[in-house]
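The block underneath contains the structure these notes are about, expressed in structure tokens.
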Amino acid sequence: MKRDYSKWCSVALIAAMYTLAGVAGWLLFDCLIMQAMQPIWALFLADVLATIVVWAFGLFYENVSVYDPYWSVFPPIAFLLWAFYTDVWSVPVILLLIASWYWGWRLTRNWAITFKGIAHEDWRYTKYRSQHPLVFHLINLFGLNMMPTIVVFAAMLPGLKLFETATPANILTYFGCIVCLASATIQLIADKQSHDFRAAHPGQVCNVGLWKHGRHPNYFGEIQFWWGIWIMYASLNGIDMYIGGAIAMTALFLGISIPLMEKRQLANKPGYAEYRKQTRMLI
């Protein structure tokens, strides 16, 4: 039986869960560093442990959506803590921190606005729970929690590598930061337009503002943000294997997130098929 609390009590519970997950991750990181593990690997394993803690709370509250804010909370905090750990405060790092905190604030803010309480689970998770009851817990841990954590960490790697780069920022570094800031702003505008439209026209297809030019401007902004992080890295280090994170992030949205949303919209909104014909997937 799901436990129900008020919205703000639920937010406080989520904050407490994430604090415990962060403490567990930090303790593991500190222990692994004492064992002379490479710091980035130690950070990755700390990220994995924190994800497992959040997943465990999701099991207790029977709600996979407990994990949802993790996507936007971990990267900016990890980048900031990494700056303190490495004691690197170069211009590229400062640009990275500005971009990631603005992006994280926007995404966490949107989560807080749409969050209905600890008893409410996102429709995608409910669908998996009902369609695959026998293997749902495996899907939950590895597919719904761990896979996004790994993809986000891979997309973070170019940013983490900026801390090791002694080359001064150049025009492309600033451009990458602008791409990140523009991406989060696109998402911020798309959020407001969507919320306002749904409040005024419940059940209808949002086709105003940015949504007139793309079916998923919020996803477009998310994909573009991680490419912006990579541009900042590539401006100082060239093109190498660290492009893989941005590619993986793009594949996650194009291959999973957008098709799932499209299928739901087609089933629930009669005008969506026509909207889909007339409007590009991304801006």
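The values are calculated or read from the model by the stated rules, or taken from the named source; none is laboratory data. Keep in mind that what you see is a predicted model, and the values were worked out from it rather than measured. Counting neighbours? That spans all protein chains shown, and the Cβs are built from the backbone with ideal geometry, glycine included. Heads up: the accessible areas ignore ligands, DNA and RNA and are worked out on the full protein's heavy atoms, side chains in. Shrake-Rupley method; radii C 1.70, N 1.55, O 1.52, S 1.80 Å.
Worth pointing out:
- Scoring Q204 on the criteria (1) part of a loop (DSSP other than H, G, I, E, B); (2) without any contact (Cβ under 8 Å) to a residue 24 or more places away in the chain leaves a single failure, condition (2).
- Flag for W8 being open to solvent by 30 Å² or more (accessible area, probe 1.4 Å) and in a loop (DSSP other than H, G, I, E, B): no
- Pairing residues of the stretch 151-180 that are modelled with pLDDT of 95 or more with residues that are in a helix (DSSP H, G or I) and among the acidic types (D, E), at Cβ distances under 8 Å and at least 6 apart in sequence or on separate chains, gives F153/D47.
- Among residues of the stretch 237-260, those that are open to solvent by less than 40 Å² (accessible area, probe 1.4 Å) and farther than 28 Å from G159 by Cα, counted: 1
- Unique residue being surrounded by 19 or more Cβ atoms within 10 Å (Cβ to Cβ), charged (D, E, K, R), assigned to a helix (DSSP H, G or I) and modelled with pLDDT of 95 or more when the list is D30, D47: D47
- Count of residues meeting criterion [farther than 20 Å from W105 by Cβ and basic (K, R)] in the stretch 186-213: 2
- Test for D196: is it over 19 Å from the mean Cα position of the chain (by Cα), of a type in the set (D, E, K, R) and part of a helix (DSSP H, G or I): yes
- Residue match in the stretch 161-171 (condition: hydroxyl-bearing (S, T, Y), within 18 Å of S65 (Cβ to Cβ) and out of contact with any strand residue (DSSP E or B) (no Cβ under 7 Å at 6 or more places or on another chain)): no
- Put simply, of I283, I239, I229 the only residue that is assigned to a helix (DSSP H, G or I) and either among the β-branched types (V, I, T) or under 25 Å from L181 (Cβ atoms) (or both) is I229.
- Pair list, Cβ under 8 Å, 6 or more apart: the stretch 183-198 residue open to solvent by less than 40 Å² (accessible area, probe 1.4 Å), other residue of a type in the set (D, E): S183/E222; Q187/E222
- A single member of G214, G255 is at pLDDT 95 or above and not in a helix (DSSP H, G or I), and it is G214.
- Selection from the stretch 42-99 of residues that are within 22 Å of T185 (Cβ to Cβ) and either in contact with a strand residue (DSSP E or B) (Cβ under 8 Å, 6 or more places away or on another chain) or of a type in the set (D, E) (or both): D68
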